[in-house]
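J.: Please find one structure pasted underneath; my questions will follow.
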Amino acid sequence: MVAMKGGIPKTGPFFVAALRLLPAGALLVAFATARGRKQPSGWAAWVAVAAFGLVDAACFQGFLAEGLQKTSAGLGSVIIDSQPLTVAILAALLFGESIGAVGVGGLVLGVVGLLLLEVPALSVEGNDTAIWGSGEWWMFLSAQSMAVGTIMVRWVSKYSDPIMATGWHMIIGGVPLLVISVLNHDPALNGHLQELTLNDVLALLYTSIFGSAISYGVYFYNATRGSLTTLSSLTFLTPMFASIFGFLYLGETFSPVQLGGALLTLVAIYMVNYKSIVGEK
């Protein structure tokens, strides 16, 4: 989040989103090919990968990049990584994963936490709420896209190797974002690339290699096995690091209400996973 936010003003949001996906996807496909993993085969496999790419790559990264322009990296990361709440509900409905009474309470508390995070950012003029101008709203849409994508990977893996599918879905999802970047006249495509410093270039490479290729590959490989709720809840560790580095490098802070919402959401994630945590102990 911090690396992306630092590069967006100089390159444009959709260029950063596309750059995060396309090279990373190519790296994953090359890695999977070198390891002898099979390419998707047949129309069913490619339809599944394409749908996965549209939801989890294009929508997730597009909404994220749009929202990141209008909110802090730390707060944006908290909202993005609240997606385990949605995953818990979908996994219970579709795969019969049980979270118990404490987990249900955590879901309710998580909704309260999200409201505290998002409501202060909405500007109200008369009877009109400028929700589409809220970065937090775009981040919320991004979180839902990632949650649905997490659920979809079980379906996709029935037709294709999960690592190979992850790489291709990033490439397929990155193409429309690159097209939008061109149509949006993002600075990077209008002769401003020379303005990038070495630190800017390294940050962009970091978002693509570590923030996408490695993290996506590991995450979705593990999403094909075990509890989706438990796995997705681990992503809530991200806001802690985003908040720390957002404070150190970007001077970002939370408002008291938003800080309370972030803490409630963190407690909610623990409650959602209470059953599995106690079981492990």
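None of the figures in this text is laboratory data; all of them are computed from the coordinates on show. Being a predicted model, the structure only gives us computed values, none of them experimental. Here the Cβ positions follow ideal geometry from the backbone for every residue, glycine too, while neighbour counts run over all protein chains shown.
J.: Could you go through segment 47-60 in sequence order and give the Karplus-derived ³J(HN,Hα) for each residue, using 6.51 cos²θ - 1.76 cosθ + 1.60 with θ = phi - 60°, rounded to whole Hz, and x for Gly and Pro?
T.: 5, 5, 5, 5, 5, 4, x, 5, 7, 7, 9, 5, 5, 4
J.: How much length is gained on full extension from Leu115 to Ala44, taking 0.36 nm per residue of separation minus their Cα-Cα distance? Could you put the intermediate results ahead of the total?
T.: On the way: separation 71, 0.36 × 71 = 25.56 nm, distance 3.91 nm.
Between Leu115 and Ala44, full extension yields 21.7 nm more.
J.: So if R0 is 35 Å, what FRET efficiency would Val201 and Asn222 give, r being the distance between their Cβ atoms, rounded to the nearest 0.05?
T.: It comes to 0.70.
J.: Sticking with this structure for a sec: Order these peptides, 15-21, 31-37, 245-251, 61-67, by their mean beta-carbon neighbour count within 10 angstrom, highest first.
T.: 15-21, 61-67, 245-251, 31-37
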